[in-house]
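Novice: Quick one: structure below, then a few questions.
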Amino acid sequence: ALLRPRPTLRLREELIAAFESGDIGPQYQPKVSLDTGLTIGFEALARWNHPERGLLPPSEFLPDINQLGLQGDFLIYMASKVLQDIESLIADGLDPGQVSINVPEVTLATLSGRAELDRIFARHPDAKAHIILEITEDVFIARATETVRANIAHFRRAGLNVSLDDFGTGFASFRHLRELEFDELKIDSSFVRDLCEDRRSQVLIKGFLDMAIGLGVQVIAEGVETEIQAQRLR
């Protein structure tokens, strides 16, 4: 595989300008209840409407944001946009349900990152009640594991829900499931994709569901694209 070129100072300036202009912003993937067929929430996904390259998915620019150390700025920018969108929906008399935003390890591992999120949520108290903080299993390999755990507990005490993303693909263990406070478990799309052909995926998903029921947490299955997948999950 070709190595990704190191991002330049010019790219850093271009990314910051895209934040400020709104060219980078959230698009929303619906969460649909298998029981009712109704949309019960959304996941906010970043897209860059690049003036020359068109609409870019996160894989095209998130690695550069991480390498340039802009994760914190990017999170605050995205969270602000999502909270504003939620407020607009509420003002129109609509219920946005629970809206997920991805929170990087660097934010959870520092008190300054926590304080920045606290400040932005304080400015949008009505919208805050609709937010789910989505974390990946990568937080478990952070050096500041105790700080991560304390910050997650802090946000849950403040009334925010926490989702464990891409479960089964990373570094989490059963010990982490026991120690971490969270409200939602997301089954990675790779398990859902193979659900109808691979008996091992079926067994693993059944195990995830049994664990989630026992822990009393919500389950989201990512990447459901066919009716037969929905039927199997149901």
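The values are calculated or read from the model by the stated rules, or taken from the named source; none is laboratory data. What you are looking at is a predicted structure, and each value in this text was computed from that prediction instead of being measured. All Cβ positions, glycine included, derive from the backbone under ideal geometry; neighbour counts span all protein chains shown. All accessible areas refer to the heavy atoms of the entire protein, side chains included, with ligands and DNA or RNA removed. Shrake-Rupley method; radii C 1.70, N 1.55, O 1.52, S 1.80 Å.
Novice: Counting just the residues of segment 146-188 that are of a type in the set (S, T, N, Q) and surrounded by fewer than 16 Cβ atoms within 10 Å (Cβ to Cβ), which one comes out modelled with the highest pLDDT?
Specialist: Step by step, filter segment 146-188, then rank; the result is T169.
Novice: Before we move on, is S112 in contact (Cβ under 8 Å) with a residue 60 or more places away in the chain and of a type in the set (S, T, Y)?
Specialist: no
Novice: Could you please tell me which pairs satisfy a Cβ distance under 7 Å, a separation of 6+ or placement on different chains, a first residue in segment 205-221 that is of a type in the set (F, W, Y), and a second residue that is in a helix (DSSP H, G or I)?
Specialist: As it stands, the answer is none, since no pair meets every condition given.
One line per residue, one yes/no per condition, for (1) in a loop (DSSP other than H, G, I, E, B); (2) closer than 27 Å to L233 by Cβ; (3) of a type outside the set (A, V, I, L, M); (4) open to solvent by less than 50 Å² (accessible area, probe 1.4 Å):
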{"site": "T36", "(1), (2), (3), (4)": "yes, yes, yes, no"}
{"site": "N66", "(1), (2), (3), (4)": "no, no, yes, no"}
{"site": "A79", "(1), (2), (3), (4)": "no, no, no, yes"}
{"site": "E87", "(1), (2), (3), (4)": "no, no, yes, no"}
{"site": "S100", "(1), (2), (3), (4)": "no, yes, yes, yes"}
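Novice: OK, next. Exactly one of (1) more than 30 Å from T39 (Cα to Cα); (2) modelled with pLDDT of 95 or more is unmet by A109. Its number?
Specialist: (2)
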